[in-house]
Amino acid sequence: MFHFKQVRTALAIIALHLLIVLPASPAADNLGILGAHPKWAVLENYQETITHDEFARLIQGVYCTHGFAPDLIEINEKTARILINREAQKFFTLRFAENDASREPIPRLWHPAESLPPAKQEKPLSSLRIALDPGHLGGKWAKMEERWFQVGETPPVQEGDLTLRVARLLAPRLRKLGAKVFFVRNSNEPITPKRPDDFKELARRILIKNGVPQPRVDVLDPSDPEKEQTIRWQSEILFYRYSEIRRRAALVNFKLHPDLVLCLHFNAEGWGDPNAPTLIDTNHLHLLVNGSYLKDELEFDDERFEMIRRLLSRSYDEELPLADTIADAMARETKLPPYEYPTTNSTTKVGTSGYVYARNLLATRLYRCPVVYCEPYVMNSNDAFARIQAGDYEGMRNVNGVERKSIFREYADSVVDGLVEYYSKARGRGD
């Protein structure tokens, strides 16, 4: 994740995040970018699976910490009324369980740790299905994603390549501990069959709708401050961010059915020109779970539906303690301080470790199981850059005057340690 991306122009933010699809009928759904029409009837399966107090706790303390329009969600003593479609004034009514004892079973395809059978000490992750999601694409796509920089003649830093290397180190370690491991991505090729050219017309419509009556076709110069107003730039974003992540979600939800998705990323601060990047001393760590939806995000029917379904599945109650445990293990191993977001406009700090935030990202929202989103290391920090350039190696090596593991093995080892600690405590031990 690149925090300097948060300073995009207002136009780009509107174009990429607040696309409103013009209704095709008087009561058409109001969807986010490439969003799917919500299947509200699915929520009938969650009737009387949650109490009033638990629903209110999750709404107020996790998912809607920035508030919401009064007609979107109305919490009453015995029910919650959730807006389906504002134009048609249609609502879904969720009935609460009277108390914890009377709650109906929660329908879900993933397994909480406490429901797994006790495990032997040498196989603490047995019966656990883990999907590894190495962030971004890397390879020939890295420059397009703006996850690429190069210092002089050194090998370029490409986040998608780094995350895949970590995933390939993680997989055998997790399997040895008993887990069944899947790759959401195991190459530098996209999961989506779409390509940027498939989104040219949609990109053009987005730009026109947002005040660019005659959008330019191509980006003439990577440093052009108006490149976000070009059809090429917008169509590439639609491809590698929205289409790609939605395709990964389909793979996770309809084929892999994991109990946990680990989203693996490296962080960065603003580096300026990627051909002459700025290296800095800042280095830090944080993890993300889903939550902290913005008021504008909740206006989209699909995002509101996905939030409610996620809330009712109670994935947060699994992913927060898991994220806290992994964060503690990563902090011990990496010695990195916690990242502090410069504003609380899009995030809410949660948990006890000091490293975990709730944030509404596409992957953390769409994957229908607990998701832990890891963001260690600042790639363009002096320390992380030197360690990335050192590559992967066994044992210890002197890097920047300190004996260190390879940065990739340190990352993988710390995640493994956190998983073992969490599942060993949460599921008990067999003979």
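The values are calculated or read from the model by the stated rules, or taken from the named source; none is laboratory data. Everything numeric here is computed off the predicted structure, so don't read it as measured data. Please note: Cβ atoms are built from the backbone with ideal geometry, for glycine as well, and neighbour counts cover all protein chains shown. Protein only, heavy atoms only, side chains kept; ligands, DNA and RNA dropped before computing areas. Shrake-Rupley method; radii C 1.70, N 1.55, O 1.52, S 1.80 Å.
The table below gives the values:
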{"item": "Residue satisfying condition, being touching a Ser or Thr at 6+ places or on another chain (Cβ under 9 Å), of a type in the set (Lys, Arg) and modelled with pLDDT of 95 or more, within set 103, 129", "result": "103"}
{"item": "Residue list for the range 51-80, restricted to those being among the charged types (D, E, K, R) and assigned to a strand (DSSP E or B)", "result": "74"}
{"item": "Hits in the range 28-72 - residues which are under 13 Å from residue 311 (Cα atoms), of a type in the set (A, V, I, L, M, F, W, C) and in contact (Cβ under 8 Å) with a residue 60 or more places away in the chain", "result": "43, 50, 55, 58, 59, 62, 64"}
{"item": "Subset of the range 393-420 [open to solvent by 60 Å² or more (accessible area, probe 1.4 Å) and in contact (Cβ under 8 Å) with a residue 24 or more places away in the chain]", "result": "409, 417"}
{"item": "Sole residue being open to solvent by 50 Å² or more (accessible area, probe 1.4 Å) and in contact with a Cys (Cβ under 9 Å, 6 or more places away or on another chain), chosen from 103, 165, 108", "result": "108"}
{"item": "Hits in the range 143-162 - residues which are surrounded by fewer than 21 Cβ atoms within 10 Å (Cβ to Cβ) and among the aliphatic types (A, V, I, L, M)", "result": "144, 151"}
{"item": "Filter result for the condition that a residue is at pLDDT below 95, open to solvent by 20 Å² or more (accessible area, probe 1.4 Å) and in a helix (DSSP H, G or I), over 236, 228", "result": "228"}
{"item": "Residue in the range 306-316 that is part of a loop (DSSP other than H, G, I, E, B), farther than 29 Å from residue 240 by Cα and open to solvent by less than 20 Å² (accessible area, probe 1.4 Å) present", "result": "yes"}
{"item": "Matching residues, the range 81-100, being open to solvent by less than 50 Å² (accessible area, probe 1.4 Å), modelled with pLDDT of 95 or more and either aliphatic (A, V, I, L, M) or outside any strand (DSSP E or B) (or both)", "result": "82, 83, 84, 94, 96, 97"}
{"item": "Index of the failed condition, residue 293 passing every other in (1) open to solvent by 20 Å² or more (accessible area, probe 1.4 Å); (2) assigned to a loop (DSSP other than H, G, I, E, B); (3) touching a helix residue (DSSP H, G or I) at 6+ places or on another chain (Cβ under 7 Å)", "result": "(1)"}
{"item": "Residue that is nearest to residue 341 (Cα to Cα), among those in the range 246-271 that are part of a loop (DSSP other than H, G, I, E, B) and either touching a Cys at 6+ places or on another chain (Cβ under 7 Å) or free of Cβ contacts under 8 Å to residues at least 40 places away in the same chain (or both)", "result": "265"}
{"item": "Candidates 274, 321 - the one that is touching a Phe, Trp or Tyr at 6+ places or on another chain (Cβ under 9 Å), open to solvent by 20 Å² or more (accessible area, probe 1.4 Å) and either free of Cβ contacts under 8 Å to residues at least 40 places away in the same chain or part of a loop (DSSP other than H, G, I, E, B) (or both)", "result": "274"}
{"item": "Residue check, residue 190 in a loop (DSSP other than H, G, I, E, B), touching a helix residue (DSSP H, G or I) at 6+ places or on another chain (Cβ under 6 Å) and not charged (D, E, K, R)", "result": "yes"}
{"item": "Meets criteria (touching a residue at least 40 places away in the same chain (Cβ under 8 Å) and open to solvent by less than 10 Å² (accessible area, probe 1.4 Å)) for residue 206", "result": "yes"}
{"item": "Filter result (within 23 Å of the chain's Cα centre (by Cα) and either open to solvent by 60 Å² or more (accessible area, probe 1.4 Å) or modelled with pLDDT of 95 or more (or both)) within the range 18-33", "result": "20"}
{"item": "Index of the failed condition, residue 140 passing every other in (1) crowded, with 18+ Cβ neighbours inside 10 Å; (2) part of a helix (DSSP H, G or I)", "result": "(1)"}
{"item": "The range 142-157: number of residues that are touching a residue at least 60 places away in the same chain (Cβ under 8 Å) and touching a strand residue (DSSP E or B) at 6+ places or on another chain (Cβ under 9 Å)", "result": "9"}
{"item": "Every pair of residues 6+ apart whose Cβ atoms lie under 6 Å, when the first sits in the range 158-183 and is more than 13 Å from residue 392 (Cα to Cα) while the second is among the hydroxyl-bearing types (Ser, Thr, Tyr)", "result": "178/126"}
{"item": "Yes/no for residue 247 being open to solvent by 20 Å² or more (accessible area, probe 1.4 Å) and over 21 Å from the mean Cα position of the chain (by Cα)", "result": "no"}
{"item": "Number of positions in the range 171-186 that are under 20 Å from the mean Cα position of the chain (by Cα), surrounded by 16 or more Cβ atoms within 10 Å (Cβ to Cβ) and assigned to a loop (DSSP other than H, G, I, E, B)", "result": "2"}
